[in-house]
2 protein chains.
Amino acid sequence: MLQKVGVFEPASKDELLGRIENLRQLMENAGIDYALIIQNVDCFYFSGTMQKGMLVIPLDQDPMIFVEKGAERAAMETPLELTPIKNDKEIKKILSDKHILKGMAGLEFDVIPVSVFERLKRVVGFDRCKDVSELIKETRIIKSSFELAQVRKSGEMLSRVFEKAHNVVQEGKTELEIEAALVAEGRRIGHQGFLRMRGLNQEMMVSTVQAGYTGTISTMVDGAITGTGVTPAMPQGSSLKKVERGVPVTIDYGGAYNGYITDETRSFVVGELQDVFRRPYETARSIIEDVMTYGRAGINCTEIFYRAYEIVKKEGLEEYFLGHGDGKVVFIGHGLGLEINELPVITARHSRILQEGMVFAFEPKFVLPPYGAIGIEVDFIVRADCLERVTVNSIDIVTL
Amino acid sequence: MLQKVGVFEPASKDELLGRIENLRQLMENAGIDYALIIQNVDCFYFSGTMQKGMLVIPLDQDPMIFVEKGAERAAMETPLELTPIKNDKEIKKILSDKHILKGMAGLEFDVIPVSVFERLKRVVGFDRCKDVSELIKETRIIKSSFELAQVRKSGEMLSRVFEKAHNVVQEGKTELEIEAALVAEGRRIGHQGFLRMRGLNQEMMVSTVQAGYTGTISTMVDGAITGTGVTPAMPQGSSLKKVERGVPVTIDYGGAYNGYITDETRSFVVGELQDVFRRPYETARSIIEDVMTYGRAGINCTEIFYRAYEIVKKEGLEEYFLGHGDGKVVFIGHGLGLEINELPVITARHSRILQEGMVFAFEPKFVLPPYGAIGIEVDFIVRADCLERVTVNSIDIVTL
């Protein structure tokens, strides 16, 4: 029944058991005997469903998916066995009978609030516990072929939206009008509705359109061009600023198909691009063209960052690269998957070798106060011998 | 500059200091000497800005707003004094010099992840701490006249969207098409972009449209009609189900103006409403008409719940009221403000006397598998002698 009304393309049983096995190997090395997983995205990743409950993955017994609410739907979503429960107090007896609770528990310390943790300790009754969230992130960093198929479909959605943008950006339109039309376009073709970003206070708009000085205001959001938004209660995103002739409009958009996020940016301009933006735009473009000549599995993320930085330095644009003033960010790329802030991070700060199946957004952007901002963002799937793009649109600035 | 592009209607200094004073009184009774607040919404509520940093509210010294990123913007947003810092390690020395750290700290245990808590303990260096989140929720439950003005403007936005819906709902259109058009309409007139829901795994669409059996599928979401969504990765919201003649379409929509959320539902039908939905619809309507005859400050929320339940029982519709099977919820209303799950909760489970300035959504809804769902939701501001509605639209089912 649900297949008729949406994108119910489930992961297979083998796929899910493979993910669980990958996590178990990391757990064993870390001395964790069982993982107690409650965050919705992590539950979905390992079980195929995020209905209310808890996923328990012991090292040497079958995983258990406890479901408190939405059990009927969960049964349609996962090929794995479910354990319906009335409330989470039943979990203690079941785990205790299986002698699981004596071992070291692994919990998602990066997302479980203190009061939920305290309650779990009481209700589930574990004694010893460690953080399992880094291990989960490491498991999720390599996408399976099933996941890459979802990423590519998410990229197709994004391609259609950027194509549509050619007819939407116009002189005198507000950033909000452009965003509204493009978000509606994505949603009509099956966009899941919003993007997920892991961690406290991490919020991300589906799309941010900026059309001038609104792109130069720095905010709490960890991005180079985050937009001004319409209120201090939501200090990011599009605003009532209108498109002006010669001033670039950047459209940052997150596709989201069956959970998988893609995230690209294109620049548009009505009439002739003002001089101040030309060299920054060409530099952004050179950085992307460069990474596509050598990027592949085996390359260190720090190398990618430094090589981009060298191109920027040669042009003398360091001051404006990846933000300006306290709005500068330290990364030029970030991993993508079920969340928009996955591993790897492309930065000078962390050494990390690219491996086949990683997916990341790459975003050379320039912020030029008080004029505006310009840049390009494209997503790559890491392959043995190259980087594969997920959209078909040109990275050229679109002149209208 | 920012005023030109959005809804930058800031709370005044007196307003913010009044909120802080209200919290201090509760802190004093609870034995908390200073609050360390880091969740974005709570920071915004007490300081007017949610740029990256931390808000410290001691019982007997001035509040301190530490800002790590977006300091320039924060200065435009808050009338209170800021303390720009390079990173949060500077906070320890400042608090220590003021002899603040010796006392009992209050932290938002309901939202701070375990790893953030552990880091704060190390970096800020407090010894003793308690949960301050219940006190913050109690402070936020009574809206000031400034806040009520924002709620009313949020209601105006909602009124415009429901008016627009008359021209959008049509036989053969998908739920997603209807939602996309209405979300775009709200955004163009300044909707902040998304709705906030407090706590782990709490996610809420701006709008959910359901047009038949998709409204009967129960999900993890704590609501009676939550929609099917388009993927198990986002198991809520609108889907590709099309509008059929005679089957009600419910449109649940969250207005959001300058932070403040409103949340109402209307039912629409193309042609003549099928018999099975008639009595449920009339019952929902009677419940709303009834509460408007007696609702006011001084009434207990449990009384409101029981009185509605009596009306449902008289019609023999208990099985379908507020959901069906494991999708049943235990509340008929919930508080509104900067988050969509604020206090008060209108339920049999918690006694709570309504006070002037509370704001809540009231939602008698029926789920009738396998046919569909129907219901009405309206928002009320509690006044001394009545309940004030926030939208101007009729609660009548709209026949198209």
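Observations on the model:
- Count - residues of segment B:282-325 that are in contact (Cβ under 8 Å) with a residue 40 or more places away in the chain, more than 23 Å from B:SER394 (Cβ to Cβ) and of a type in the set (Gly, Ala, Ser): 4
- Scan of segment B:378-399 for residues that are among the acidic types (Asp, Glu) and farther than 22 Å from B:GLU244 by Cα, ordered by number: B:ASP379, B:ASP385, B:GLU388
- Segment B:367-381 residues that are over 12 Å from B:ARG266 (Cβ atoms), paired with ones that are basic (Lys, Arg) and crowded, with 21+ Cβ neighbours inside 10 Å (beta carbon under 8 Å, 6 or more apart): B:ALA373/B:LYS365; B:ILE381/B:LYS143
- For segment B:50-84, the set of residues classified as of a type in the set (Val, Ile, Thr) and within 26 Å of the chain's Cα centre (by Cα) consists of B:VAL56, B:ILE57, B:ILE65, B:THR78, listed by residue number.
- Qualifying residues in segment A:59-105 (those that are closer than 23 Å to B:LEU200 by Cα and either among the hydroxyl-bearing types (Ser, Thr, Tyr) or away from chain B (no Cβ under 14 Å) (or both)) - the one surrounded by the fewest Cβ atoms within 10 Å (Cβ to Cβ): A:LYS89
- Of all the numbered requirements in (1) within 14 Å of chain A (Cβ to nearest Cβ); (2) touching a helix residue (DSSP H, G or I) at 6+ places or on another chain (Cβ under 7 Å), B:GLY327 misses one, and that requirement is (2).
- Among the residues of segment A:118-136, those that are surrounded by fewer than 20 Cβ atoms within 10 Å (Cβ to Cβ), in a helix (DSSP H, G or I) and within 13 Å of chain B (Cβ to nearest Cβ) comprise A:GLU118, A:ARG119, A:LYS121, A:GLU134.
- Segment A:85-116, residues that are assigned to a loop (DSSP other than H, G, I, E, B), within 17 Å of A:ASP62 (Cβ to Cβ) and not aliphatic (A, V, I, L, M): A:LYS98, A:HIS99, A:GLY103
- Of the residues making up segment B:287-315, those that are assigned to a helix (DSSP H, G or I) and either of a type in the set (Asp, Glu) or farther than 19 Å from B:ASP379 by Cβ (or both) are B:GLU289, B:ASP290, B:THR302, B:GLU303, B:TYR306, B:TYR309, B:GLU310, B:ILE311, B:VAL312, B:LYS313, B:LYS314.
- Enumeration of residues in segment A:249-276 that are touching a Pro at 6+ places or on another chain (Cβ under 9 Å) and within 27 Å of B:GLN51 (Cβ to Cβ): A:SER267
Rundown of residues vs (1) out of contact with any strand residue (DSSP E or B) (no Cβ under 6 Å at 6 or more places or on another chain); (2) of a type in the set (Ser, Thr, Tyr), yes/no style:
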| residue | (1), (2) |
| --- | --- |
| A:SER12 | yes, yes |
| A:LEU17 | yes, no |
| A:GLU28 | yes, no |
| A:MET50 | yes, no |
| A:GLY53 | no, no |
| A:ASP60 | yes, no |
| A:VAL67 | no, no |
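- The strands (runs of 3 or more DSSP E) found wholly in segment B:321-374 and carrying at least 2 residues that are closer than 20 Å to B:ALA297 by Cα and at pLDDT 95 or above occupy B:331-335, B:342-347, B:359-362.
- Positions within segment B:187-206 being among the charged types (D, E, K, R) and buried (at least 22 other Cβ atoms within 10 Å of the Cβ), in sequence order: B:ARG187, B:ARG196
- Some residue of segment B:13-23 being in contact with a Phe, Trp or Tyr (Cβ under 7 Å, 6 or more places away or on another chain), assigned to a strand (DSSP E or B) and either surrounded by fewer than 24 Cβ atoms within 10 Å (Cβ to Cβ) or within 13 Å of chain A (Cβ to nearest Cβ) (or both): no
- B:LYS328 falls short of the stated requirement of being free of Cβ contacts under 8 Å to residues at least 40 places away in the same chain and not hydroxyl-bearing (Ser, Thr, Tyr).
- Every listed requirement among (1) buried (at least 24 other Cβ atoms within 10 Å of the Cβ); (2) within 14 Å of another protein chain (Cβ to nearest Cβ) is met by A:PRO248 save one, (2).
- The condition (being more than 9 Å from chain A (Cβ to nearest Cβ) and not acidic (Asp, Glu)) is satisfied by just one residue among B:MET197, B:MET220: B:MET197.
- Qualifying position, being closer than 29 Å to A:GLU108 by Cβ, within 14 Å of chain B (Cβ to nearest Cβ) and either modelled with pLDDT of 95 or more or out of contact with any helix residue (DSSP H, G or I) (no Cβ under 8 Å at 6 or more places or on another chain) (or both), among A:VAL243, A:VAL206: A:VAL206
The values are calculated or read from the model by the stated rules, or taken from the named source; none is laboratory data. All values derive from a computational prediction rather than experimental measurement. For neighbour counting, all protein chains shown are included, and Cβ atoms are generated from backbone atoms with ideal geometry for every residue, glycine included.
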